[in-house]
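Chemist: Here it is: the structure, laid out below.
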Amino acid sequence: MATLSFQSVGKRFGDGTLALSRVDLDVKDGEFLVLVGPSGCGKSTLLRSAAGLETLTEGRIAIGGRDVTDLGPGDRDIAMVFQNYALYPHMDVYENMAFGLGQRKIPKDIIRQKVEQAARTLDLMPYIHKKPGTLSGGQRQRVAMGRAIVRDPQCFLMDEPLSNLDAKLRVQMRAELKLLNARLGVTTLYVTHDQVEAMTMGDRVAVLRPVSDESQSNLQQCAAPRELYEKPVNLFVAGFIGSPAMNFITVRPVRKGKTLRCTIAGTDMTLPLTPQQAAARPFLDQWIDRDLILGVRPEAFLYPNPTSGGLRSEVLITEMTGADAYVFFELRGTASNRITARIDPRHLPERGAALEIGVDMERVHFFDPGSGLALRG
Ligand SMILES: Nc1ncnc2c1ncn2[C@@H]1O[C@H](COP(=O)(O)OP(=O)(O)OP(=O)(O)O)[C@@H](O)[C@H]1O
Ligand SMILES: [Mg+2]
């Protein structure tokens, strides 16, 4: 077991592509840390750098306190599981798992012990003499995991290992992987572009985004799932984490008081401030007559509206999922301000009906439209 630490890591490829810049990240001993972000944000490059498959152009990487920046993949004591886990089709489960150990000239009885132990952990004993072609997707995925486990690495590196599985199996394997991590306690860095997977699996989640120059960092925020959801540091993280996504409403506070009077798309609206927000007046006062972005998660709307203020619109469409219902509406005069609100299905309004919907001001976020940074009162 070991920590995995990235220190000011940067990577520019030969063709000039800047994939990574200023990445500082510590995966703690035994932690399951998930890297998430849109395609091209550098997740695989960061993971491959840890594995020794890419050479850094900036910074250092340490595993268990040992600087491994200049070591080859074979000397880093890590095991990697890829999306295409490519098992050897002519070998059975046992041979697939034992193969890497055999290469390292480990005695046969030790190999047998390790493989059987991993196979038991992964529930693979019933299939131990089957060929990959006769296994289900989930079983094959477990064999790939087994191949990594038998090596007793200090660190697991996994790049979208579940993305080839169907939706149901993926959910099942997520839980199994988490359980396995808890049982083995091996430090794990896990890549996915699926924010739900990231939130459900990670002890902590690191959100990355592409960079355009060296002054920026790919790493936007690294925190426990709940903190990421409740306290996103900027518009990027706020919009990326959560489904349906957070609504961003451009507002212009116009008057002071215990309410946030604001114009939204030219219409006057009133939102009641929480006592805390009203007390943080200097914070809001500086935004009077300037555009401010209000971030409202779909579940932070109140309908029917128990408050004295709120947003007025018209129901565009509704969606019923059973447990939840969603109302979609636009704020007058803007096409971009398409809003999604989650409401109690028992109070689903009619399509085309006039809508007055409250906002739970305890749960809103404020963002500076210039920097995109979250503002805390
Ligand atoms: N060998 C390479 N040469 C040049 N550019 C590369 C190379 N490998 C990756 N890149 C670029 O580096 C950036 C980061 O790529 P990377 O594969 O790390 O993204 P990712 O976050 O894993 O994306 P995805 O979710 O699509 O897998 C991208 O712009 C990509 O085009
Ligand atoms: Mg990738």
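Chemist: Provide a single number: the residues in region 18-56 that are touching a helix residue (DSSP H, G or I) at 6+ places or on another chain (Cβ under 7 Å), away from ligand 2 (no atom under 16 Å from the Cβ) and within 19 Å of residue 156 (Cα to Cα).
Modeler: So the count comes out to 2.
Chemist: Mind listing whichever residues of region 277-308 are more than 30 Å from the chain's Cα centre (by Cα), under 19 Å from residue 358 (Cβ atoms) and modelled with pLDDT of 75 or more?
Modeler: The answer is 304, 305, 306, 307, 308.
Chemist: Residues 56, 71, 101, 87: which one is surrounded by 12 or more Cβ atoms within 10 Å (Cβ to Cβ), farther than 30 Å from residue 212 by Cβ, modelled with pLDDT of 95 or more and assigned by TED's automatic domain parsing to the domain that holds residue 22? Spell out how you get there, then give the answer.
Modeler: Details: 56 fails: farther than 30 Å from residue 212 by Cβ; 101 fails: modelled with pLDDT of 95 or more; 87 fails: modelled with pLDDT of 95 or more.
Just a single option satisfies the conditions, and that option is 71.
Chemist: Just to be sure I understand, how many residues within region 142-156 are in contact with a helix residue (DSSP H, G or I) (Cβ under 8 Å, 6 or more places away or on another chain), open to solvent by less than 30 Å² (accessible area, probe 1.4 Å) and not in a helix (DSSP H, G or I)?
Modeler: Summing the residues that are in contact with a helix residue (DSSP H, G or I) (Cβ under 8 Å, 6 or more places away or on another chain), open to solvent by less than 30 Å² (accessible area, probe 1.4 Å) and not in a helix (DSSP H, G or I) in region 142-156 gives 3.
Chemist: Listed residues 15, 29; which is touching a residue at least 40 places away in the same chain (Cβ under 8 Å) and of a type in the set (Asp, Glu)?
Modeler: Working: 15 fails: touching a residue at least 40 places away in the same chain (Cβ under 8 Å).
Residue meeting the stated conditions: 29.
Chemist: Here is a further query. Please state which of the following conditions residue 356 fails to meet, knowing it meets all the rest: (1) open to solvent by 70 Å² or more (accessible area, probe 1.4 Å); (2) among the acidic types (Asp, Glu); (3) within 28 Å of the chain's Cα centre (by Cα).
Modeler: (3)
Chemist: I need every pair where a residue in region 156-173 that is touching a residue at least 40 places away in the same chain (Cβ under 8 Å) has its Cβ under 6 Å from the Cβ of a residue that is within 13 Å of ligand 1 (Cβ to nearest atom) and of a type in the set (Val, Ile, Thr), sequence separation at least 6 or different chains.
Modeler: Short answer, once both residue conditions are applied: 159/191; 160/191; 160/192.
Chemist: Among the residues of region 4-17, write down those that are surrounded by fewer than 19 Cβ atoms within 10 Å (Cβ to Cβ) and either acidic (Asp, Glu) or within 16 Å of ligand 2 (Cβ to nearest atom) (or both). Quick ask: steps written out before the conclusion?
Modeler: So the first thing to find is which residues in region 4-17 are surrounded by fewer than 19 Cβ atoms within 10 Å (Cβ to Cβ), and the list is 7-8, 12-17.
Result: 13, 15, 17.
Chemist: Can you tell me which residue in region 104-120 is farthest from the chain's Cα centre (by Cα), limited to those that are over 17 Å from residue 78 (Cα atoms) and open to solvent by less than 40 Å² (accessible area, probe 1.4 Å)? Talk me through it step by step, then tell me what you get.
Modeler: Taking region 104-120 first, the residues over 17 Å from residue 78 (Cα atoms) are 105-113, 115-117, 119-120.
Still in the list and also open to solvent by less than 40 Å² (accessible area, probe 1.4 Å): 111, 115, 119.
Working: 111: 36, 115: 32, 119: 30 Å.
Checking each candidate, the answer is 111.
Chemist: Let me ask something additional. Being closer than 22 Å to residue 141 by Cα and either of a type in the set (D, E, K, R) or within 16 Å of ligand 1 (Cβ to nearest atom) (or both) is true for just one of 23, 81. Which residue is that? Spell out how you get there, then give the answer.
Modeler: Details: 23 fails: closer than 22 Å to residue 141 by Cα.
Exactly one residue qualifies, and that residue is 81.
Chemist: I'd like the residue in region 193-210 that is within 14 Å of ligand 1 (Cβ to nearest atom) and touching a Lys or Arg at 6+ places or on another chain (Cβ under 8 Å) and, out of all such residues, is most open to solvent (accessible area, probe 1.4 Å). Full working, then the answer.
Modeler: Within region 193-210, the subset within 14 Å of ligand 1 (Cβ to nearest atom) is 193-195, 197-198, 206-210.
Cutting the leftovers down to touching a Lys or Arg at 6+ places or on another chain (Cβ under 8 Å) gives us 193, 197, 208.
Numbers: 193: 105, 197: 8, 208: 1 Å².
Among those residues, the one meeting the criterion is 193.
Chemist: Counting only residues that are assigned by TED's automatic domain parsing to the domain that holds residue 276 and among the small types (Gly, Ala, Ser), give me the strands (runs of 3 or more DSSP E) lying completely in region 298-377 with at least 2 of them.
Modeler: Working: elements: 311-320, 325-330, 338-343, 354-359, 365-367.
Hits in region 298-377: 354-359.
Chemist: Condition first: among the hydrophobic types (A, V, I, L, M, F, W, C), within 17 Å of residue 79 (Cα to Cα) and part of a helix (DSSP H, G or I). Can you find one or more residues in region 123-141 that meet it?
Modeler: From region 123-141, those among the hydrophobic types (A, V, I, L, M, F, W, C) are 124-125, 128, 135; that's our starting set.
Going one step further and asking which of them are within 17 Å of residue 79 (Cα to Cα), we end up with none.
There is no residue in region 123-141 that is among the hydrophobic types (A, V, I, L, M, F, W, C), within 17 Å of residue 79 (Cα to Cα) and part of a helix (DSSP H, G or I).
Chemist: Scan (1) open to solvent by 20 Å² or more (accessible area, probe 1.4 Å); (2) within 16 Å of ligand 1 (Cβ to nearest atom); (3) within 25 Å of residue 361 (Cβ to Cβ) for the single condition residue 237 breaks and write down its number.
Modeler: (1)
Chemist: Now for a separate question. Could you please let me know if residue 52 is within 16 Å of ligand 1 (Cβ to nearest atom), closer than 19 Å to residue 162 by Cα and of a type outside the set (A, V, I, L, M, F, W, C)?
Modeler: Details: within 16 Å of ligand 1 (Cβ to nearest atom): yes; closer than 19 Å to residue 162 by Cα: no; of a type outside the set (A, V, I, L, M, F, W, C): yes.
When the stated conditions are applied, residue 52 does not pass them.
The values are calculated or read from the model by the stated rules, or taken from the named source; none is laboratory data. Just so it is clear, the model here is predicted, and its values are computed rather than measured. So basically every Cβ, Gly included, is an ideal-geometry build from the backbone, and we count neighbours across all protein chains shown. Quick note on the areas: whole protein, heavy atoms, side chains included, nothing else; ligands and nucleic acids left out. Shrake-Rupley method; radii C 1.70, N 1.55, O 1.52, S 1.80 Å.
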